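The values are calculated or read from the model by the stated rules, or taken from the named source; none is laboratory data. Just so you know, these numbers come straight off a predicted model, no measurement behind them. Positions of Cβ are backbone-derived with ideal geometry, glycine not excepted, and every protein chain shown enters the neighbour counts.
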Amino acid sequence: MKRTEINKVYQLLSFLMQYPDRQMKEALLEVKEEISRFEHPEVKMKLERFIAISEDTELEEWIDYYIENFDFGRVTNLYVTYLKSGEQRERGLELLKLKKFYEASGFTVTDKELTDYLPLMLEFCGQVPAETIRELMQMNAKAILEIHEKLRETSNYYTLLFDALLLTMEAAGVEISEPKEEQATP
């Protein structure tokens, strides 16, 4: 996967993981056109499936689904340090560390979102060199895998975005280790 495609996938995932609205729904055709230019077949397929489902879902239903899974889902929210630290003091330190990480790369963080918000991280990854992407995503790979696993357990169609994210992370050189499924003993 070429670096430019990796950056574009991160940007696209950032957009698609945000709260759905009319503007996002109207942009799906344009997003589909962008995806058609991707070379990585698995990433392309996962994103196309997500877009197809989203196109077939009424906006209000899509919004409700998003809220149910990401706003009320304690283990599936998109704040990657929350799983590890919750609302504890350590999380505040992690958020500050992330802010300084972004700023060191010339990325201005607004107060609109917390620095561990996954779509914000992905937007950042769409604009920085490969080494910076690897460092940030490696630091957060475990939390991303946990969210992915919880979504997969409930057959959530946002799993498709996380599948594409994990494939892109691997293509960018991030070491991914999936949780091992327990095998039944005979």
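Values computed for the structure shown
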quantity	calculated
Output for the stretch 10-62, where each listed residue is within 21 Å of residue 122 (Cα to Cα) and of a type in the set (Val, Ile, Thr)	31, 35, 43, 51
Only listed residue being of a type in the set (Lys, Arg) and touching a residue at least 40 places away in the same chain (Cβ under 8 Å), chosen from 112, 150, 97	150
For residue 76: the one exception among (1) surrounded by 14 or more Cβ atoms within 10 Å (Cβ to Cβ); (2) assigned to a helix (DSSP H, G or I)	(2)
Criterion: closer than 21 Å to residue 19 by Cβ, part of a helix (DSSP H, G or I) and modelled with pLDDT of 85 or more - qualifying residue of 121, 139	121
Selected residue (criterion: modelled with the lowest pLDDT) from residues of the stretch 79-95 that are over 20 Å from the mean Cα position of the chain (by Cα) and in a helix (DSSP H, G or I)	89
Hits in the stretch 25-57 - residues which are outside any helix (DSSP H, G or I) and free of Cβ contacts under 8 Å to residues at least 60 places away in the same chain	37, 38, 39, 57
Hits in the stretch 106-163 - residues which are under 19 Å from residue 47 (Cβ atoms) and of a type in the set (S, T, N, Q)	155, 156, 159
Among the candidates 154, 110, 132, residue that is within 18 Å of residue 14 (Cα to Cα), out of contact with any helix residue (DSSP H, G or I) (no Cβ under 6 Å at 6 or more places or on another chain), of a type outside the set (A, V, I, L, M) and exposed (fewer than 14 other Cβ atoms within 10 Å of the Cβ)	110
